[in-house]
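**Student:** Below is one structure. I have some questions about it.
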Amino acid sequence: MVTSTEIHSPLLTDEEGLRAEVEAIVNSTPVTDVHTHLFPPQFNEHCLFGIDELLTYHYLTAEMFRSAKISPERFWQMSKLARADFVWQTLFVDNSPTSEAARGVISVLDAFGLDTRAPDLKEAREFFTSRNVSAHIEQVFDIARISGVVMTNDPLDETEARFWKSGSDLDPRFKSSLRLDRLLSKSFDRAFLDEWIERLKPLYLAVSLPADFKFPSDDLRDRLLREVVLPAAKDHQLALTLMIGVRRRVNPQLREAGDSLGRADVTAVERLCAQYPDVKFLVTFLSRENQHELCVAARKFNNLMPFGCWWFLNNPSIVSEITRERFELLGQSFIPQHSDARVLEQLIYKWKHSRQQIADALFASYRALLSSGRAVTTEEISRDVNRMFSGNFHEWIGAENESLEKEPSRWT
Ligand code: RAT
Ligand code: ZN
């Protein structure tokens, strides 16, 4: 019997056709970037774009020190432009840019038709400095097919505080999240947190946690989480984002490039999810070794949403592995990626490269399904990709049924 669904959307029973359809849908579906360090121009020096920012990204600084004979002291004494020239010479002229972060710069230059084999940065600098910033943001979002990005907002940052206290309207392409790292290392009370929630209208509260994070634990952070943060998350119906596994400043000479990672204890997240069933958690771990345990924890707690392949995991081979594991254990109930972009144009390469891996992994899942006796339709592929690229996040932040007239600040 032919059903109406089949008339509108034929079953994709041919592997090549299926692959083409999955790639087309994954590449064209707009994505909500749930965690970045990007800012609109209203945040002045925090709004980073252009070739010099791309090349002085801390991922590339660390790699440069492996190939150049220069001490950190000398490197940090150089101006930003001189550092960018030095990184270009070291990683792109004297060597082939095969690492993910270096290849990313190539993908960005290529997207704008700039010379990817240029001997220096003259052409790229002229191009980026000639851009109108607002139109440039629009074009980058368009190329990367981004519907919106979530910033990382720290109430203790002076530039940010000036903006938030000015009462100016936020550029609607950028959404806020309230980052608690610095607050949790000092102390704050509920009134302070409520005031900042009111001011920022964040989509969620967030904290990055070290590899040795324990819950429960006998320390100030534990007390603040229990007494202030978790009750506030519940009362304001704000999800809590946990980014776990960082070991800060393992090599302080490298400054922001000197952070590392460690395997963490996933049972801490299980306990949080069990003790706070009314709070929704968005969770990512930095260590590859924690990824399988995170999937299993998510199977046990439906208030736990795994997201992203974070930082040192954002490499094609690892994104592929983690995404396939998540499809097998969680279906589509996860958020495959976030960019963590600090420099605007990184959105282009981080999403282009991730989409390739997500498409390959999704195609492999549907092909396996086909070999078991069930074909999918174009509509079903779109539904699945939309769920992962925006639906799951919107559900977590309570925006899926929200009337936009009622609460336009949350999500538009
Ligand atoms: O990925 C990064 O760029 C890191 O430096 C961190 O910012 C990390 O993403 C974080 O949010 O702590
Ligand atoms: Zn980050």
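The values are calculated or read from the model by the stated rules, or taken from the named source; none is laboratory data. Just so it is clear, the structure is predicted and the values come from calculations on it, not from any experiment. Glycine gets a Cβ as well: all are built from the backbone with ideal geometry, and neighbour counts include every protein chain shown. Note: accessible area is taken over every heavy atom of the protein model, side chains too, but ligands, DNA and RNA are not part of it. Shrake-Rupley method; radii C 1.70, N 1.55, O 1.52, S 1.80 Å.
**Student:** Find all pairs meeting these conditions: Cβ atoms under 9 angstrom apart; at least six residues apart or on different chains; first residue within region 363-391 and closer than 13 Å to VAL22 by Cβ; second residue among the aromatic types (Phe, Trp, Tyr) and in a loop (DSSP other than H, G, I, E, B).
**Tutor:** Once the first residue is closer than 13 Å to VAL22 by Cβ and sits in region 363-391, its partners that are among the aromatic types (Phe, Trp, Tyr) and in a loop (DSSP other than H, G, I, E, B) give MET388/PHE334.
**Student:** Follow-up. Considering region 296-315 alone, what residues qualify as being farther than 19 Å from VAL34 by Cα and open to solvent by less than 40 Å² (accessible area, probe 1.4 Å)?
**Tutor:** Scanning region 296-315 gives a single hit, ALA297.
Here's the yes/no breakdown for (1) more than 16 Å from ligand 2 (Cβ to nearest atom); (2) in a loop (DSSP other than H, G, I, E, B); (3) open to solvent by 30 Å² or more (accessible area, probe 1.4 Å); (4) at pLDDT below 95:
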residue: LEU156; (1), (2), (3), (4): yes, yes, yes, no
residue: THR159; (1), (2), (3), (4): yes, no, no, no
residue: PHE163; (1), (2), (3), (4): yes, no, no, no
residue: SER187; (1), (2), (3), (4): yes, yes, yes, yes
residue: ALA191; (1), (2), (3), (4): yes, no, yes, no
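**Student:** Ok, one more. Would you say PHE86 is free of Cβ contacts under 8 Å to residues at least 60 places away in the same chain and more than 16 Å from ligand 2 (Cβ to nearest atom)?
**Tutor:** yes
**Student:** Now for a separate question. Among (1) within 12 Å of ligand 1 (Cβ to nearest atom); (2) open to solvent by less than 50 Å² (accessible area, probe 1.4 Å); (3) within 30 Å of PHE75 (Cα to Cα), there is one condition THR284 misses while meeting the rest; what is its number?
**Tutor:** (3)
**Student:** Then there is this: Restricting attention to region 254-271, does a residue exist that is more than 18 Å from the chain's Cα centre (by Cα), closer than 28 Å to ASP194 by Cβ and open to solvent by 40 Å² or more (accessible area, probe 1.4 Å)?
**Tutor:** yes
**Student:** Filter region 63-105 for residues that are among the aliphatic types (A, V, I, L, M) and surrounded by 18 or more Cβ atoms within 10 Å (Cβ to Cβ) and give the result.
**Tutor:** Just the residues of region 63-105 that are among the aliphatic types (A, V, I, L, M), to begin with: 64, 68, 70, 78, 81-82, 84, 87, 91, 93, 101-102, 105.
Scanning region 63-105 gives MET64, ALA84, VAL87, LEU91, ALA101, ALA102, VAL105.
**Student:** Would you pick out the residues in region 248-267 that are more than 15 Å from ligand 2 (Cβ to nearest atom) and among the basic types (Lys, Arg)?
**Tutor:** Across region 248-267, the qualifying residues are ARG249, ARG255, ARG263.
**Student:** Something else: Has region 235-246 got at least one residue that is surrounded by fewer than 18 Cβ atoms within 10 Å (Cβ to Cβ) and among the β-branched types (Val, Ile, Thr)?
**Tutor:** The answer is no, given that none of the residues of region 235-246 is surrounded by fewer than 18 Cβ atoms within 10 Å (Cβ to Cβ) and among the β-branched types (Val, Ile, Thr).
**Student:** Still on this structure: From ASP110, ASP115, ASP120, grab the single residue that is surrounded by fewer than 15 Cβ atoms within 10 Å (Cβ to Cβ), under 24 Å from TRP311 (Cα atoms), modelled with pLDDT of 95 or more and not small (Gly, Ala, Ser).
**Tutor:** From the options ASP110, ASP115, ASP120, the qualifying one is ASP110.
**Student:** What's the total number of residues in region 200-219 that are in contact (Cβ under 8 Å) with a residue 60 or more places away in the chain, open to solvent by 10 Å² or more (accessible area, probe 1.4 Å) and either of a type in the set (D, E, K, R) or touching a Leu at 6+ places or on another chain (Cβ under 6 Å) (or both)?
**Tutor:** Here the count works out to 1.
**Student:** Of everything in region 354-386, what is among the charged types (D, E, K, R) and in contact with a helix residue (DSSP H, G or I) (Cβ under 8 Å, 6 or more places away or on another chain)? Give them in sequence order.
**Tutor:** Passing the criteria: ARG355, ASP360, ARG367, GLU379, ASP384.
**Student:** Okay, next question. What do you reckon, is LEU60 within 16 Å of ligand 1 (Cβ to nearest atom), free of Cβ contacts under 8 Å to residues at least 60 places away in the same chain and not in a loop (DSSP other than H, G, I, E, B)?
**Tutor:** yes
**Student:** So, SER372, is that one away from ligand 2 (no atom under 16 Å from the Cβ) and over 22 Å from PRO30 (Cβ atoms) or not?
**Tutor:** For SER372, the condition - away from ligand 2 (no atom under 16 Å from the Cβ) and over 22 Å from PRO30 (Cβ atoms) - is met.
**Student:** Return a yes/no flag: does region 66-76 have any residue that is within 19 Å of CYS47 (Cα to Cα) and without any contact (Cβ under 8 Å) to a residue 40 or more places away in the chain.
**Tutor:** Within region 66-76, none of the residues are within 19 Å of CYS47 (Cα to Cα) and without any contact (Cβ under 8 Å) to a residue 40 or more places away in the chain.
**Student:** For ILE197, state whether it is open to solvent by less than 70 Å² (accessible area, probe 1.4 Å) and either under 29 Å from GLY245 (Cβ atoms) or within 16 Å of ligand 1 (Cβ to nearest atom) (or both).
**Tutor:** Yes: the conditions hold for ILE197.
**Student:** Output the qualifying pairs, or none if there are none: Cβ atoms under 7 angstrom, residues six or more apart or on different chains, first residue in region 1-27 and farther than 15 Å from ALA361 by Cβ, second residue at pLDDT 70 or above and open to solvent by 80 Å² or more (accessible area, probe 1.4 Å).
**Tutor:** From region 1-27, the pairs are SER9/GLU379; GLU15/ARG367.
**Student:** Return yes when PHE49 is open to solvent by less than 50 Å² (accessible area, probe 1.4 Å), closer than 19 Å to VAL133 by Cβ and either within 15 Å of ligand 1 (Cβ to nearest atom) or out of contact with any Pro (no Cβ under 8 Å at 6 or more places or on another chain) (or both) and no when it is not.
**Tutor:** Values: open to solvent by less than 50 Å² (accessible area, probe 1.4 Å): no; closer than 19 Å to VAL133 by Cβ: yes; either within 15 Å of ligand 1 (Cβ to nearest atom) or out of contact with any Pro (no Cβ under 8 Å at 6 or more places or on another chain) (or both): yes.
No, not satisfied.
**Student:** Is it the case that region 80-99 has a residue that's of a type in the set (A, V, I, L, M, F, W, C) and in contact with a Phe, Trp or Tyr (Cβ under 6 Å, 6 or more places away or on another chain)?
**Tutor:** Here is the first cut: in region 80-99, the residues of a type in the set (A, V, I, L, M, F, W, C) are 81-82, 84, 86-88, 91-93.
From the residues that got through so far, the ones that are in contact with a Phe, Trp or Tyr (Cβ under 6 Å, 6 or more places away or on another chain) too are none.
No, every residue in region 80-99 fails to be of a type in the set (A, V, I, L, M, F, W, C) and in contact with a Phe, Trp or Tyr (Cβ under 6 Å, 6 or more places away or on another chain).
**Student:** Right, something else. Any idea how many residues of region 322-357 are assigned to a helix (DSSP H, G or I), more than 13 Å from ligand 1 (Cβ to nearest atom) and buried (at least 18 other Cβ atoms within 10 Å of the Cβ)?
**Tutor:** Of the residues in region 322-357, 13 are assigned to a helix (DSSP H, G or I), more than 13 Å from ligand 1 (Cβ to nearest atom) and buried (at least 18 other Cβ atoms within 10 Å of the Cβ).
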